[in-house]
Each structure stands twice: as structure tokens, then as C-alpha cells.
Amino acid sequence: MLEDIRMCSKCGLCNNQRPLLDSERTCQVFWVGLSAKKITSEEETPLSEQTNTGKLIQKIEEMCNEVSTYKTNLVKCLPLTEQQKLRYPSKKEMDKCFDNLVSEINAMSPKIVFLLGEKVYSSVARHLHLDFEKWNDFEYHYTECNGTYYVPIHHPSYICVYKRKQMDDYIEAVEKMINELL
């Protein structure tokens with residue numbers, strides 16, 4: 001299944017960098033970020049611990065050490081400006097890559113899919129025809145679809161930049177959601 005995604009060229013972003021993927025495995029928890037970052041080695045995976053986002057996710061995973069996880073992005077490739085700077089992917093690029101996310105979810109059968117940030121959860125809501133209740137502080141809500149719980153949460157990078165003093169509250173809230181749904 002991942003081999004098909006590795007060969008994807010639907011949006012053309014693969015010309016910037018090959019699709020960035022984690023190792024295929026059955027898992028309980030899926031983390032979905034927005035798009036790939038520029039890699040520095042072939043061993044890197046999405047939401048790498050080398051980033052603030054990845055470090056925060058790793059802290060949550062350590063709190064739930066018996067939980068199997070998989071990390072991915074809505075857009076698997078690297079969106080760049082003409083000046084070769086990282087940018088947000090366009091709606092069109094997100095739409096073209098959405099089938100790859102669905103393939104990953106179908107292949108790995110997670111129980112929980114954490115949608116990191118508004119751009120990700122809005123795209124998932126639109127494509128899967130789901131309604132998400134917006135979080136209130138760190139009170140997160142889920143929507144069940146075909147036996148999988150979709151949970152929109154703050155993007156970890158937002159927490160690292162704007163809510164640093166509340167990072168423990170964020171970690172606790174996400175851990176609580178994992179314990180509640182598994």
C-alpha cells in the first residue's frame with residue numbers, strides 16, 4: 001500500500017521531495033499533520049522527533065507507552081515557494097493527496113485519528129462529510145466514522161509557540177482522550 005503512495009505524482013509536489021512516510025504497521029493511534037517538511041536524511045519520517053511537533057507527540061506517546069502509533073501528513077510531499085521556502089499546501093494539493101490518507105487509514109486500521117490543527121480537520125471533515133465540534137481550551141471532542149474516532153486537536157507547533165505554559169495541560173488532555181477511546 002505505501003509503495004503506491006511512494007510513487008504518487010498527482011499534485012507535482014513530489015518533484016520537491018519524495019512522499020514522506022512512516023513504516024507501515026497496524027496501529028491504534030494515527031497522528032495526521034498538514035504536510036511534509038524538508039528532510040535531511042532518508043531515515044526521517046513524518047512528524048519527526050527532530051521537530052517541536054514531533055517532540056511533543058513523543059512526550060504524549062511516552063505517557064501511553066503501550067499504544068502503537070503511526071505518523072503521517074495530509075500532504076505527503078514538500079510544498080515550497082518559488083524561493084524554495086516551506087509553505088502551506090493549497091486546497092487543491094490537499095484534495096489531490098486525500099486518497100492517500102484514506103488508503104493509509106484503511107490499511108492500518110487505527111482506532112483513533114488525531115487531526116493536528118484546523119487545516120487538517122477541515123479537510124477531513126469536508127472529504128468524509130463529518131461534523132466536528134470545535135475544542136474548548138483543551139477539551140477535545142471526537143466523531144466516530146466506520147469504527148474509527150476522529151479527534152481534532154490543536155497543532156503541537158501552536159502549543160509550542162503560543163501555549164507553552166499550558167503544554168502539560170495539552171499533553172494530559174490528549175492522553176486522557178487516548179485512554180478514554182482505547
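The values are calculated or read from the model by the stated rules, or taken from the named source; none is laboratory data. These numbers were taken from a predicted model, which means no experiment stands behind them. Glycine gets a Cβ as well: all are built from the backbone with ideal geometry, and neighbour counts include every protein chain shown. In case anyone asks, the SASA skips ligands and DNA or RNA and just uses the protein heavy atoms, side chains included. Shrake-Rupley method; radii C 1.70, N 1.55, O 1.52, S 1.80 Å.
Odds and ends about this structure:
- Rounded to 5, the percent of DSSP beta bridges in the chain classed as antiparallel: 25 percent
- Toward the positive end of the charge dipole of the chain, with +1 on the Cβ of Lys and Arg and -1 on the Cβ of Asp and Glu, the farthest Cα among 63, 20, 154 is that of 20.
- Within the chain, helices built from complete DSSP H runs that reach 24 Å or longer along their own axis (Cα positions) and carry a mean Kyte-Doolittle hydropathy of -1.0 or higher are 91-108.
- Segment residue 49-residue 102, extension gain: residue separation times 0.36 nm, minus the distance between their alpha carbons: 16.7 nm
- Applying 1/(1 + (r/R0)^6) with r as the Cβ-Cβ distance of residue 92 and residue 169 and R0 = 25 angstrom yields a FRET efficiency of 0.10.
- Dipole magnitude of segment 36-79, debye to nearest 20 (Cβ charges: Lys/Arg +1, Asp/Glu -1, about Cα centre): 280 debye
- In nm, spacing of pseudo-spin labels at residue 38 and residue 58 (7 Å Cα→C-beta vector): 2.2 nm
- Ranked packing of 99-112, 160-173, most packed first, by mean Cβ within 10 Å: 99-112, 160-173
- A viscosity of 1.306 mPa s and a temperature of 10 °C, combined with the Kirkwood radius over Cα pairs in Stokes-Einstein, give a translational diffusion coefficient for segment 21-177 of 100 µm²/s.
- Shape analysis of segment 1-108 based on the Cα gyration tensor places the equivalent ellipsoid semi-axes at 23, 17, 11 Å, largest first.
- Paramagnetic reach from residue 128 (point 7 Å along Cα→Cβ, amide N under 12 Å) across segment 1-32: 30-32
- Set 10/37; 37/91; 37/85; 92/119; 55/91; 111/163 screened for pairs whose C-alpha atoms are more than 22 Å apart: 55/91; 111/163
- For the chain, the carbon plus sulfur part of the accessible surface works out to 45%, probe radius 1.4 Å.
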